[in-house]
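Here's the structure, in structure tokens; my notes come after.
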Amino acid sequence: MLASQEFFEELAETKAVRKDKVGVAIVGMRVDARTHSSRQLVDFLQQFDLPLLTCIRSAQRYVQASDAGTTLFDSPSPEARDVGEWRPLLDWLNRRR
């Protein structure tokens, strides 16, 4: 988080972002939403007024899909937990079109 603080400060002050002409949202990668560090991430991002859309946990399914050259959604029955983590991002992208 601290390594990205200067970047987020500059991003939050960018005129196009402040005036909502450019959509910016944060996706926490390899974050377990049930942990203390997840709460710290939410608190950290609030100071920049940038939305945390979702957190994508670290899972072997990503490694397996990558090795197979597929995505999680190529599976005939993707896990509900995976879909639930990705849904906020997909919905946000669809609204921004």
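No value in this document is a laboratory result; all are computed from the given coordinates. Quantities reported herein were computed from a predicted structural model and do not represent experimental measurements. All Cβ positions, glycine included, derive from the backbone under ideal geometry; neighbour counts span all protein chains shown.
Candidate values (i) 122; (ii) 110; (iii) 137 were compared with volume of the Cα convex hull per residue in Å³ computed on the shown model; the agreeing label is (i).
The slack between Glu6 and Gln60, meaning 0.36 nm per residue of separation minus the straight C-alpha distance, is 16.2 nm.
Go ahead and run the numbers for FRET between Ala16 and Val42, Cβ-Cβ distance against an R0 of 22 Å, rounding to 0.05.
E(calc), rounded to 0.05, equals 0.35.
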